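This report concerns only the one structure given below.
The values are calculated or read from the model by the stated rules, or taken from the named source; none is laboratory data. Given the structure is predicted, the values throughout are model-derived calculations rather than measurements. Using ideal geometry, Cβ is built from the backbone for each residue, glycine included, and neighbour counts are taken over all protein chains shown. For the accessible areas, the whole protein counts, side chains as well, though only heavy atoms, and no ligand, DNA or RNA atoms are used. Shrake-Rupley method; radii C 1.70, N 1.55, O 1.52, S 1.80 Å.
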Amino acid sequence: MTDKGSALIIGVGPGLGVAVARAFAEAGHAVALIGRTSPKLKELAARLHEEGHAAHAYQADAADPAQLRSALDAAVTDLGAPEALVYNAAHARPDTPTAVSPEGWAAGLAVNVIGATVVAGHVIPAFRGGRGTVLFTGGGFALAPSPDYTTLSVGKAALRAYAHALHEEQRDAGVHVTTVTIRGFIRPGDERFDPAAIAKVYVELHQRPRDQWQPEYVYA
């Protein structure tokens, strides 16, 4: 473990999730990689270990509150009290406003919104010294909804509203809450939208002094 609090990353895959985990690890944090697919998570964590970082993998489906809480508890036990929480999970399926079933709405909202509220409510009380950062991965669909990705658009809009409300509730308590609204498509190798380039913003937001806290950062 390091002399800094751990960073808990939910929704880790080979793109932005692992890039954010690597960025926090390079900044000196032990990192928890939390995601749905255990073999892939272990592979990503092993890769970070090979790079000299403290990283552990924890399996949990973001749609399952009990699994999320269990994985978070295990990560805190292994890595120590957190000072950063990143919710990067998303349920992204093409759908249209008139064709989404009730089951489709439930599946989308379970990951895109409810999972975010579960992890925030569970981790904030465990922050190191009562202070920390909560970062949500938002998206341009929150500002410009797509008729081809309806549940994702509604989910990102709801997540944005939740982040703003949580920011107002927590800032006087010493917890910095921000949603990173990514207005573009993440593409490896792209100068602006490469995962590693975006990940640097997450660490920079975590390191900001209190007088620079804001509920939303638009990355475009």
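Mind listing whichever residues of segment 1-41 are within 22 Å of residue 131 (Cβ to Cβ) and either of a type in the set (S, T, N, Q) or part of a strand (DSSP E or B) (or both)? Before you say what the answer is, go through the steps one by one.
Looking only at segment 1-41, we keep the residues that are within 22 Å of residue 131 (Cβ to Cβ), and these are 1-10, 20-21, 23-32, 34.
Residues satisfying the conditions are 2, 6, 7, 8, 9, 10, 31, 32, 34.
Yes or no, residue by residue, for (1) of a type in the set (Val, Ile, Thr); (2) farther than 23 Å from residue 110 by Cβ; (3) in contact with a strand residue (DSSP E or B) (Cβ under 8 Å, 6 or more places away or on another chain):
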residue	(1), (2), (3)
145	no, no, no
196	no, yes, no
205	no, yes, yes
211	no, yes, no
Among (1) open to solvent by less than 60 Å² (accessible area, probe 1.4 Å); (2) part of a helix (DSSP H, G or I); (3) touching a His at 6+ places or on another chain (Cβ under 6 Å), the one test that residue 123 misses: (3)
Just give me the residues in segment 170-220 being surrounded by fewer than 12 Cβ atoms within 10 Å (Cβ to Cβ) and within 14 Å of the chain's Cα centre (by Cα), in sequence order. none
Which listed residue is surrounded by 20 or more Cβ atoms within 10 Å (Cβ to Cβ) and either in contact (Cβ under 8 Å) with a residue 40 or more places away in the chain or under 24 Å from residue 152 (Cα atoms) (or both), from 81, 89: 89
Looking only at residues in segment 43-70 that are part of a helix (DSSP H, G or I) and touching a Leu at 6+ places or on another chain (Cβ under 9 Å), which one is nearest to residue 126 (Cα to Cα)? 45
